[in-house]
Amino acid sequence: MNGLESLYQELILDHSKRPHGKGLAPEAAADAAHSQRVATSFQRNPICGDEITLRVRLSDDGTIVEEVTWDGAGCSISQASASMLAALIEEEERMPRAEASVLVEGFREALRSRGEIALDEEVFGDAAALSGVSKFTARVKCAMLAWVAFEDAVARA
């Protein structure tokens, strides 16, 4: 294993042990005057049993992703991927919904590329560590689980 693969493996393990955004935020907005759009999506990988419940909070006009929280159980890849997604949204603070959709599509394309497309660390942050997963088709669903839940929750909100 080269140094970069080792670093990526450490990032995945770190995110699975100390996850960002884990713990579902309440569905109702604390301030009733603020009518934010909140939606939840549950996704399960029937092959390995990984589960993710992800909740998004959008701005009242639905154009900004304000928060991503999640809960789940499964392998270190699925849990780390959810953590990395939450951290990525958190870093942006208020990510435009259109930008979030482009991010999900780029992630999906890279993970389906069988190692041909690497995730750009400048764009995907720690989630770039999941690039190597694309070489293992059985693990792609694990890494995609939270991203599919995110996409579904945003569509529902």
Those residues of the range 97-149 which are over 19 Å from S83 (Cβ atoms), surrounded by 15 or more Cβ atoms within 10 Å (Cβ to Cβ) and among the charged types (D, E, K, R), in sequence order:
R97
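Give me the residue from the range 112-148 that is outside any helix (DSSP H, G or I) and not acidic (D, E) and, out of that set, nearest to Q43 (Cα to Cα). Full working, then the answer.
As a first pass, look at the range 112-148 and keep what is outside any helix (DSSP H, G or I): 112-120, 136.
From what's left, not acidic (D, E): 112-115, 117-119, 136.
On the way: R112: 19, S113: 22, R114: 23, G115: 25, I117: 25, A118: 25, L119: 23, F136: 20 Å.
In this case the residue turns out to be R112.
Among the candidates D31, D60, single out the residue that is surrounded by fewer than 20 Cβ atoms within 10 Å (Cβ to Cβ), modelled with pLDDT under 95 and in contact with a His (Cβ under 9 Å, 6 or more places away or on another chain). Spell out how you get there, then give the answer.
On the way: D31 fails: in contact with a His (Cβ under 9 Å, 6 or more places away or on another chain).
One residue alone meets the criteria, D60.
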Only one of E151, E105 is in a helix (DSSP H, G or I) and free of Cβ contacts under 8 Å to residues at least 12 places away in the same chain, namely E105
Out of all the residues in the range 57-75, is one or more closer than 15 Å to V140 by Cβ and touching a strand residue (DSSP E or B) at 6+ places or on another chain (Cβ under 7 Å)?
yes
For the range 117-157, which positions are touching a helix residue (DSSP H, G or I) at 6+ places or on another chain (Cβ under 8 Å), over 17 Å from G74 (Cα atoms) and among the charged types (D, E, K, R)?
D120, E121, D126, E151
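The values are calculated or read from the model by the stated rules, or taken from the named source; none is laboratory data. Please read these numbers as outputs of a predicted model, since none were measured by experiment. Please note: Cβ atoms are built from the backbone with ideal geometry, for glycine as well, and neighbour counts cover all protein chains shown.
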